[in-house]
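The values are calculated or read from the model by the stated rules, or taken from the named source; none is laboratory data. Here the structure is a predicted model, which means the values were calculated and not measured. Heads up, the Cβs are rebuilt from the backbone with ideal geometry, glycines too, and the neighbour counts pull from every protein chain shown. Surface areas here come from the heavy atoms of the whole protein model, side chains and all, with no ligands, DNA or RNA. Shrake-Rupley method; radii C 1.70, N 1.55, O 1.52, S 1.80 Å.
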Amino acid sequence: MNGEARRKEILNYIQCSAAPVSGNRLSEEFHVSRQVIVQDIALLRAANQDIVSTNRGYVLNAWKKAQRIFKVCHADDEIVDELYTIVDMGGRVADVFVNHKVYGQLKADMLINSRRDVEEFMEGIRMGKSSPLKNITSGYHYHTVTADSEEILNLIENALKMKGYLVK
């Protein structure tokens, strides 16, 4: 199989998967090295395929209806409540980013759609894999949130404001 055909198959494989697909799984499936997969993903992205790399694998980011960026601030023990608030109202947390005074904008894809995704994310934090990105900016951070409608985003914004997480 040549590179172009393999990339079409990789895209199809990611599209048809119900869960994120790891680079190792793709390299096994297509009998190429992990580095070849990384290069193929880069070429697919260059061809305007919105493939997102998460800590669980690659996903196709095709779920964009309404989108808003929320600036929030809270303590570590409020992370779960913040994320539950968003997903329980029908939102999807696409990413988290901070504006650092020295490093500039630092961003990480999250792709959290459910309470289960929140629990998996928090398990990674609890296991010491990393600490929340918000901690480098005294708790201040941003989330890009997508939803089926602007009305849902308005509900999420109001809920975050009522809980004291939203920063103006």
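Any residue that is outside any strand (DSSP E or B), farther than 21 Å from LYS134 by Cα, among the acidic types (Asp, Glu) and open to solvent by 80 Å² or more (accessible area, probe 1.4 Å) - is there at least one of those in the range 81-91? Walk me through it before giving the result.
Applying the first criterion (outside any strand (DSSP E or B)) to the range 81-91 yields 81-91.
Narrowing further to those that are farther than 21 Å from LYS134 by Cα: 88-90.
Cutting the leftovers down to among the acidic types (Asp, Glu) gives us 88.
Filter once more, so that each one left must be open to solvent by 80 Å² or more (accessible area, probe 1.4 Å): 88.
Within the range 81-91, one or more residues are outside any strand (DSSP E or B), farther than 21 Å from LYS134 by Cα, among the acidic types (Asp, Glu) and open to solvent by 80 Å² or more (accessible area, probe 1.4 Å).
Say we look at the range 121-137 and pick out the residues that are among the small types (Gly, Ala, Ser) and either farther than 25 Å from THR54 by Cα or not in a helix (DSSP H, G or I) (or both); which of these is modelled with the lowest pLDDT? Reasoning before the result, please.
Of the residues in the range 121-137, the ones among the small types (Gly, Ala, Ser) are 124, 128, 130-131.
The next check asks that each one be either farther than 25 Å from THR54 by Cα or not in a helix (DSSP H, G or I) (or both); those that pass are 128, 130-131.
Details: GLY128: 81, SER130: 78, SER131: 84.
Within the range 121-137, the match that is modelled with the lowest pLDDT is SER130.
Starting from residues that are in contact (Cβ under 8 Å) with a residue 12 or more places away in the chain and of a type in the set (S, T, N, Q), keep the ones in the range 111-137 and report whichever is least open to solvent (accessible area, probe 1.4 Å).
My answer is THR137.
Taking the condition of being under 16 Å from GLY3 (Cβ atoms), open to solvent by 50 Å² or more (accessible area, probe 1.4 Å) and in contact with a helix residue (DSSP H, G or I) (Cβ under 7 Å, 6 or more places away or on another chain), how many residues in the range 23-74 meet it?
The qualifying residues number 6.
TYR165 fails exactly one of the following numbered conditions: (1) modelled with pLDDT under 95; (2) open to solvent by less than 70 Å² (accessible area, probe 1.4 Å). What is the number of that condition?
Exception for TYR165: condition (1).
I need the full set of residues from the range 12-21 which are surrounded by 13 or more Cβ atoms within 10 Å (Cβ to Cβ) and either over 17 Å from ASN61 (Cβ atoms) or not polar (S, T, N, Q) (or both), in order please.
At the first step, the residues of the range 12-21 found to be surrounded by 13 or more Cβ atoms within 10 Å (Cβ to Cβ) are 13-15, 17, 20-21.
The answer is TYR13, ILE14, PRO20, VAL21.
Test of understanding: among ALA159, ALA94, ALA108, which residue is in a helix (DSSP H, G or I), in contact with an Asp or Glu (Cβ under 9 Å, 6 or more places away or on another chain) and either open to solvent by less than 50 Å² (accessible area, probe 1.4 Å) or among the aliphatic types (A, V, I, L, M) (or both)? Even if it seems obvious, please write down each step before you answer.
Details: ALA94 fails: in a helix (DSSP H, G or I); ALA108 fails: in a helix (DSSP H, G or I).
Residue meeting the stated conditions: ALA159.
Just wondering, is there one or more residues in the range 11-26 that are part of a strand (DSSP E or B), among the small types (Gly, Ala, Ser) and within 14 Å of the chain's Cα centre (by Cα)?
Restricting attention to the range 11-26, the residues satisfying the condition of being part of a strand (DSSP E or B) are 21.
Add one more test, that the residue is among the small types (Gly, Ala, Ser), and what stays is none.
No, the range 11-26 has no match at all.
Select from the range 138-152 the residues that are in a loop (DSSP other than H, G, I, E, B), under 15 Å from GLY91 (Cβ atoms) and open to solvent by 40 Å² or more (accessible area, probe 1.4 Å) and list them in ascending order. Steps first, answer last, please.
First, pick out the residues of the range 138-152 that are in a loop (DSSP other than H, G, I, E, B): 138-139, 148-149.
Those still in the list that are under 15 Å from GLY91 (Cβ atoms) too: 148-149.
Answer for the range 138-152, where residues must be in a loop (DSSP other than H, G, I, E, B), under 15 Å from GLY91 (Cβ atoms) and open to solvent by 40 Å² or more (accessible area, probe 1.4 Å): just ASP148.
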